[in-house]
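S.K.: Just passing along the structure, written as structure tokens.
The values are calculated or read from the model by the stated rules, or taken from the named source; none is laboratory data. This structure is a prediction, so every number in the text was calculated from the model and none was measured. Cβ coordinates were reconstructed from backbone atoms using ideal geometry, including for glycine residues, and neighbour counts include every protein chain displayed. Surface accessibility is based on the protein's heavy atoms, side chains included, excluding ligands, DNA and RNA. Shrake-Rupley method; radii C 1.70, N 1.55, O 1.52, S 1.80 Å.
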Amino acid sequence: RAHGAAEAVKIARLEHANIKATHAFAREHGMDCESRPTDTVDVVLDQSHLEAGVAAIRHMQSLMRADEGAARYEIHEAEEARRRFLTPNALGAFTYEAGSINAYKFAIGILKLCLKNGVNLQTSTPATHISSLRSEASPRTQSSCSDDAQINWVVETSRGTINTAHLILATNGYTPHLLPKFQGVIVPLRGQVTAHRPGSNMPTSGLPTTYSFIYAKGYDYMIPRPPGTEHAGDIVIGGALGKLPLEGASEFGETDDALLNPETSGFLREATAQYFGAQNWGQDHPDGRVRSEWTGIMGASADGLPYVGPVPGNENLWMSASFNGHGMVLCLKCAEALVELICGAETPEWFPRSFLVREERLRTKFRGRLDMTAPELPEVRGDTSTEVSA
């Protein structure tokens, strides 16, 4: 709504292209990362979200070609959603193209490719401080990917310093520690996840799609482990921020991923049996419902969008960060665009301009996540005059 229909379509197309590119990359390089293209389903448990979602889908489809993958959404009425997706409390559902992947194994696969190409990877070596060798008043030079570019930045680490012509911050929720101008612009957010052994009445072959469960103040997300993998059929479910006091305010600004929030644990441990219902779930596994539980730190942005590109006022400082927990459908194509910019190209036509790092975005301070509640319907139905190119 804030950026217009044309930009919304561009973001939708990027996400769809990113999903395709991620699975293709894993397949091309033979990565053992549980890559599985599949549909996903949003099971909607709140009437206002259902109405807003239907309106948004109809509006998006009116702006895009009918044969576009990014426009392929199906809307399911309550009865069909309850039967097809085993969710007795569903008010409706939306299905669309997505997929699942083991993000850790995918990242390890990329690092292995980088090491083969000569990258010097220093593990357990946190960056503690960055400094520029140029003043902010220095004239901006043409970006270059050449090896003999002038040194501009110094990175201090626990094991020494690194000098570099170009510095890329892919530091997500930890970015403000190194770049104070992002304090209050990018906020760390601790997320929590559990892995559940399936109940006795759940499909023995595992669930065929990934899920999101949309309720009044937020959503939970769920990924079944695919066939042929370790603990196949297990259900990985995370979220529950919207069920905490003040919509999870205690988790914002939190950078300690060694601790669990016991309130979040309580919600997540009961979530699968509640969402699927006692009849569909059956009895818990003899070894217990929860196999494991962990946390991780995300980066939440003030306007709900990532920051990608050159950092204003800082010579040859670049970033790709703050994906709001949505990185696996954004980060690969964002990295592609960033590399083009570093090498001196113009912003690719396909890349959303709303993702670029601009001074006006830095003046907007974080006041809470923007994806936790449904927008008002008049705003969703608006903006019908903007032209969208194919």
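S.K.: Which ones in the range 51-73 are acidic (Asp, Glu) and open to solvent by 80 Å² or more (accessible area, probe 1.4 Å)?
M.R.: 51, 67
S.K.: Pick from the range 253-269 the residues that are free of Cβ contacts under 8 Å to residues at least 40 places away in the same chain and open to solvent by 90 Å² or more (accessible area, probe 1.4 Å): which of them is nearest to residue 242 (Cα to Cα)?
M.R.: Here the answer is 263.
S.K.: Checking the structure you have, find out if any residue of the range 5-21 is farther than 25 Å from residue 335 by Cβ, touching a residue at least 24 places away in the same chain (Cβ under 8 Å) and either open to solvent by 20 Å² or more (accessible area, probe 1.4 Å) or in contact with a helix residue (DSSP H, G or I) (Cβ under 9 Å, 6 or more places away or on another chain) (or both).
M.R.: yes
S.K.: (1) under 20 Å from the mean Cα position of the chain (by Cα); (2) surrounded by fewer than 18 Cβ atoms within 10 Å (Cβ to Cβ); (3) over 30 Å from residue 199 (Cβ atoms); (4) modelled with pLDDT under 95: which one isn't true of residue 250, the others all being true?
M.R.: Tallying (1) under 20 Å from the mean Cα position of the chain (by Cα); (2) surrounded by fewer than 18 Cβ atoms within 10 Å (Cβ to Cβ); (3) over 30 Å from residue 199 (Cβ atoms); (4) modelled with pLDDT under 95, residue 250 fails exactly one: (1).
S.K.: Right, another one. Among the residues of the range 270-285, are any outside any loop (DSSP other than H, G, I, E, B) and either farther than 29 Å from residue 192 by Cα or of a type in the set (Asp, Glu) (or both)?
M.R.: Yes, some residue in the range 270-285 is outside any loop (DSSP other than H, G, I, E, B) and either farther than 29 Å from residue 192 by Cα or of a type in the set (Asp, Glu) (or both).
S.K.: While we're looking at this one, here's another question. Quick check: is even one residue across the range 146-155 open to solvent by 10 Å² or more (accessible area, probe 1.4 Å), in contact with a strand residue (DSSP E or B) (Cβ under 7 Å, 6 or more places away or on another chain) and modelled with pLDDT under 95?
M.R.: The answer is yes; a qualifying residue exists.
S.K.: Go through the range 122-145 residue by residue and tally those that are modelled with pLDDT of 85 or more and either of a type in the set (Asp, Glu) or open to solvent by less than 80 Å² (accessible area, probe 1.4 Å) (or both).
M.R.: 7
S.K.: Could you tell me which of the residues 103, 90, 78 is within 21 Å of residue 45 (Cα to Cα), in contact (Cβ under 8 Å) with a residue 12 or more places away in the chain and either surrounded by fewer than 19 Cβ atoms within 10 Å (Cβ to Cβ) or in contact with a Ser or Thr (Cβ under 9 Å, 6 or more places away or on another chain) (or both)?
M.R.: From the options 103, 90, 78, the qualifying one is 78.
S.K.: Name the single residue that is surrounded by the most Cβ atoms within 10 Å (Cβ to Cβ) among those in the range 299-329 being out of contact with any helix residue (DSSP H, G or I) (no Cβ under 9 Å at 6 or more places or on another chain) and of a type outside the set (S, T, N, Q).
M.R.: 315
S.K.: Considering only the range 207-223, state which residues are in contact with a helix residue (DSSP H, G or I) (Cβ under 7 Å, 6 or more places away or on another chain) and either outside any strand (DSSP E or B) or farther than 26 Å from residue 91 by Cβ (or both).
M.R.: Listed by number, the list holds a single entry, 217.
S.K.: Taking into account only those residues within the range 54-100 that are in a helix (DSSP H, G or I) and of a type in the set (Gly, Ala, Ser), which is nearest to residue 272 (Cα to Cα)?
M.R.: Among residues in the range 54-100 that are in a helix (DSSP H, G or I) and of a type in the set (Gly, Ala, Ser), the one nearest to residue 272 (Cα to Cα) is 81.
S.K.: I've got another one for you. So, in the range 277-298, of the ones that are under 25 Å from the mean Cα position of the chain (by Cα) and not acidic (Asp, Glu), which residue ends up surrounded by the fewest Cβ atoms within 10 Å (Cβ to Cβ)?
M.R.: Among those residues, the one meeting the criterion is 292.
S.K.: Please determine whether any residue of the range 233-244 is modelled with pLDDT of 90 or more, over 22 Å from residue 292 (Cα atoms), more than 19 Å from the chain's Cα centre (by Cα) and open to solvent by less than 20 Å² (accessible area, probe 1.4 Å).
M.R.: Scanning the range 233-244, I find no residue that is modelled with pLDDT of 90 or more, over 22 Å from residue 292 (Cα atoms), more than 19 Å from the chain's Cα centre (by Cα) and open to solvent by less than 20 Å² (accessible area, probe 1.4 Å), so the answer is no.
S.K.: Any chance you could count how many residues in the range 286-313 are in contact with a strand residue (DSSP E or B) (Cβ under 7 Å, 6 or more places away or on another chain), within 19 Å of residue 264 (Cβ to Cβ) and either small (Gly, Ala, Ser) or without any contact (Cβ under 8 Å) to a residue 24 or more places away in the chain (or both)?
M.R.: Of the residues in that region, 4 qualify.
S.K.: Among the residues of the range 287-309, which ones are touching a Lys or Arg at 6+ places or on another chain (Cβ under 9 Å) and of a type outside the set (A, V, I, L, M, F, W, C)?
M.R.: Listed by number, the residues that qualify are 287, 288, 289, 291, 293, 295, 296, 301, 303, 304, 307, 309.
S.K.: Quick one: would you say residue 7 is touching a Lys or Arg at 6+ places or on another chain (Cβ under 9 Å) and closer than 22 Å to residue 303 by Cα?
M.R.: Answer is yes for this residue.
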